[in-house]
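*Asks:* First the structure, then my questions, so here it is.
The values are calculated or read from the model by the stated rules, or taken from the named source; none is laboratory data. Note that this is a predicted model, so its numbers are computed, not measured. So basically every Cβ, Gly included, is an ideal-geometry build from the backbone, and we count neighbours across all protein chains shown. Calculation scope for accessible area: heavy atoms of the full protein, side chains included, ligands and nucleic acids excluded. Shrake-Rupley method; radii C 1.70, N 1.55, O 1.52, S 1.80 Å.
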Amino acid sequence: MTATLEAPTVHTGPKPVEKAHKKGRLGKAFRSSAAILLFLAIWELVPQYVLDEGTRTFLPPLSEDLVALWELILNGQLADHLLASLGRSAAGFVIAVGVSVPLGLLIAWYRPLAEFLNPLLELARNTAALALLPVFTLLLGIGEVSKIALIVYACVWPVLLNTIAGVNTVDPLLVKAARSLGLSSPNLFRKVILPSAVPTIFTGIRMAAAYSILILIAAEMVGAKAGLGYLINNSQVNFQIQQMYAAIITVSVLGLAINAGFVALERRFSTWRVKEKA
């Protein structure tokens, strides 16, 4: 009997292509974060070595602000204020999206209705939400209702207008092809118009999510007893400067996290789209 000798398996390590891909990813990550790292370094070094003591009081180094942030986390204050802000923001945002998307689809689908409402929409969307803060406060009081109503007003317009734009910019060739295949109007809307408009609608939703945080922070500085806006304003009044910057950092991180979440959600609902080549 003859025994068959098998050649030993040789592990040559990672392939050159994999190494190149890994290097490319690391380089891209560094380029995308370089500006932020530079900004953070300036924030830390300039107050310590460039500014005089008086100015440094109002612009402390980043390390001191992070210490204050950690203290807020440990004593539970940050969680309380964060939950208060997220509750108001989420309530206003959900109401705005729930109203704006169906209304935008309806307006875009029926041209006479769009022509009738367009002047009013243009007037309303160019009225700044914060300019109406005194009006909402007078009509609804300084409680939760006025803050949530202001968020709803601010969030409605980006979602509504992007929904209308998304429907209006659907490729006419797709619509003609669908009609030539005998699709009824409801099926055309469900299978062609709505999927094509999803990316534009999500752009409006992402903008509205950012607005819900920004407008809320300003609204919480008036008549609130909890929330990130209240924390920023109260810290400034009580000369707790590091705590004020800690709250501002929290708002920035919160905004980035919300935006990243909606980007991931948009990719999930737009998997049918063909990716453009760079």
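*Asks:* If V222 satisfies all but one of (1) at pLDDT below 90; (2) surrounded by 17 or more Cβ atoms within 10 Å (Cβ to Cβ), what's the number of the condition it fails?
*Replies:* (2)
*Asks:* Okay, moving on. Filter the range 95-123 down to residues that are surrounded by 13 or more Cβ atoms within 10 Å (Cβ to Cβ) and closer than 18 Å to I148 by Cα, then give me how many there are.
*Replies:* Count: 5.
*Asks:* Which ranges mark the helices (runs of 4 or more DSSP H) fully within the range 92-178 that have 2 or more residues being in contact with a strand residue (DSSP E or B) (Cβ under 7 Å, 6 or more places away or on another chain) and over 15 Å from G204 (Cβ atoms)? Outline the logic, then answer.
*Replies:* Details: elements: 111-125, 133-140, 144-168.
Hits in the range 92-178: none.
*Asks:* Next question. Would you check if Y230 is open to solvent by 30 Å² or more (accessible area, probe 1.4 Å), closer than 17 Å to D80 by Cβ, in contact (Cβ under 8 Å) with a residue 12 or more places away in the chain and of a type outside the set (D, E, K, R)?
*Replies:* yes
To keep it simple, each residue is scored yes or no on (1) aliphatic (A, V, I, L, M); (2) more than 27 Å from I164 (Cβ to Cβ).
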position	(1), (2)
V67	yes, yes
W70	no, yes
I73	yes, yes
L78	yes, yes
L86	yes, yes
S89	no, no
F93	no, no
G98	no, no
P102	no, no
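*Asks:* Identify, by number, the condition in (1) out of contact with any Phe, Trp or Tyr (no Cβ under 9 Å at 6 or more places or on another chain); (2) open to solvent by 60 Å² or more (accessible area, probe 1.4 Å) that V46 doesn't meet.
*Replies:* Among (1) out of contact with any Phe, Trp or Tyr (no Cβ under 9 Å at 6 or more places or on another chain); (2) open to solvent by 60 Å² or more (accessible area, probe 1.4 Å), V46 violates only (2).
*Asks:* Please work out which residue is nearest to L160 (Cα to Cα), limiting yourself to the range 188-203 and to residues that are without any contact (Cβ under 8 Å) to a residue 24 or more places away in the chain and among the hydrophobic types (A, V, I, L, M, F, W, C).
*Replies:* Looking only at the range 188-203, we keep the residues that are without any contact (Cβ under 8 Å) to a residue 24 or more places away in the chain, and these are 188, 190-192.
Subset that is among the hydrophobic types (A, V, I, L, M, F, W, C): 188, 192.
On the way: L188: 21, V192: 19 Å.
Applying the filter and picking the extreme gives V192.
*Asks:* For A246, state whether it is crowded, with 19+ Cβ neighbours inside 10 Å and not in a helix (DSSP H, G or I).
*Replies:* Considered against the rule, which asks whether it is crowded, with 19+ Cβ neighbours inside 10 Å and not in a helix (DSSP H, G or I), A246 comes out as no.
*Asks:* Right, here's the next one. Report, by residue number, each residue of the range 54-70 that is in a helix (DSSP H, G or I) and more than 27 Å from the chain's Cα centre (by Cα).
*Replies:* Matches in the range 54-70: G54, T55, R56, T57, F58, E64.
*Asks:* Check R206 against each of (1) open to solvent by 10 Å² or more (accessible area, probe 1.4 Å); (2) more than 30 Å from L66 (Cβ to Cβ); (3) in contact (Cβ under 8 Å) with a residue 24 or more places away in the chain and name the one condition it does not meet.
*Replies:* All conditions pass for R206, except number (2).
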